[in-house]
1. Are there any pairs with C-beta distances below 6 angstrom linking a residue in region 138-157 that is closer than 15 Å to I190 by Cα to a residue that is polar (S, T, N, Q) and part of a loop (DSSP other than H, G, I, E, B), with the two at least 6 apart or on different chains, and if so which?
2. Give the residues of region 63-76 that are among the β-branched types (V, I, T) and assigned to a loop (DSSP other than H, G, I, E, B), sorted by residue number.
3. So which of R46, R79, R60, R31 ends up being at pLDDT below 95, surrounded by fewer than 20 Cβ atoms within 10 Å (Cβ to Cβ) and either among the aliphatic types (A, V, I, L, M) or outside any strand (DSSP E or B) (or both)?
4. Please go through region 95-123 and give me each residue that is over 23 Å from K151 (Cα atoms), assigned to a helix (DSSP H, G or I) and in contact with a strand residue (DSSP E or B) (Cβ under 7 Å, 6 or more places away or on another chain), ordered by number.
5. Of the conditions (1) without any contact (Cβ under 8 Å) to a residue 40 or more places away in the chain; (2) of a type in the set (A, V, I, L, M); (3) farther than 24 Å from N11 by Cα, M188 clears all except one; give me its number.
6. Given the structure, is G88 under 14 Å from the mean Cα position of the chain (by Cα), farther than 18 Å from D195 by Cα and surrounded by 15 or more Cβ atoms within 10 Å (Cβ to Cβ)?
7. Got a sec? Which of A175, A122 is within 23 Å of M1 (Cβ to Cβ) and within 15 Å of the chain's Cα centre (by Cα)?
8. Could you check region 82-94 and list, in sequence order, the residues that are farther than 20 Å from F133 by Cβ and not in a helix (DSSP H, G or I)?
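The values are calculated or read from the model by the stated rules, or taken from the named source; none is laboratory data. What you see is a predicted model; the values in this text were computed from it and never measured. So basically every Cβ, Gly included, is an ideal-geometry build from the backbone, and we count neighbours across all protein chains shown.
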Amino acid sequence: MVLEACVENINEALLAESLGANRIELCDYLRVGGTTPSAGTIAIARKLLQIPIMVLIRPRGGSFIYSSNEIEIMKQDIRICKDIGVNGVVLGVLTKEKTVDIELLHKLTTLARPLEITFHKAIDETEDILHEFKKLMECDIDRTLTSGGEKTAFLGKHIINEMVKISNGKIKIIAAGKIIKTDLPKIMKIIHTKDFHGKKIVGNLTKRFK
């Protein structure tokens, strides 16, 4: 089982590691769904953490449809992540029709390799999650983060399990959506993946730094 903690600063990252997180998704501004953290934050996390670090590549909150300038920012942030030497990046890009932007995704994944690649919850914004996931199956990614199109992983469990079935191990499915440490035993019985993600997946990380 892999517990991926979603954090937005170095203190939360270190605390998550000490509480048993197996992997970190490093972000900033989670109140808008997360944006790319500073290069300094990424570098110090790489220096101090012993567990894998995945960095969110997202220049702003809001939709997952990006302008040409925003795409260039994403590319530069990917280059920074490669230079610093983190384990991977987390990204998601959609078209105006709310489908996965396969062309742009290919450009970004080509640039990002050999880093690991997770396609994030942008998949939950699509009109037909399973159809779009089948398209992702043909792309060069390692994981997909999803709540099955619902507000919580519990509510989206049927779609998540169908994604696990479709993937058949080719792409790892990370279940996300209000999963907290105390709910894990129940969630693990009903969602058939071994990867789980959340802000409180190993406990409350924010209250200790207020």
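1. Listed by first residue and then by second, the contacts come to A153/S147; G156/S147.
2. Hit for region 63-76 is I65, nothing else.
3. Answer to the check: R31.
4. L108, T109, A112, listed by residue number.
5. (1)
6. no
7. A175
8. Hits for region 82-94 are G85, V86, N87.
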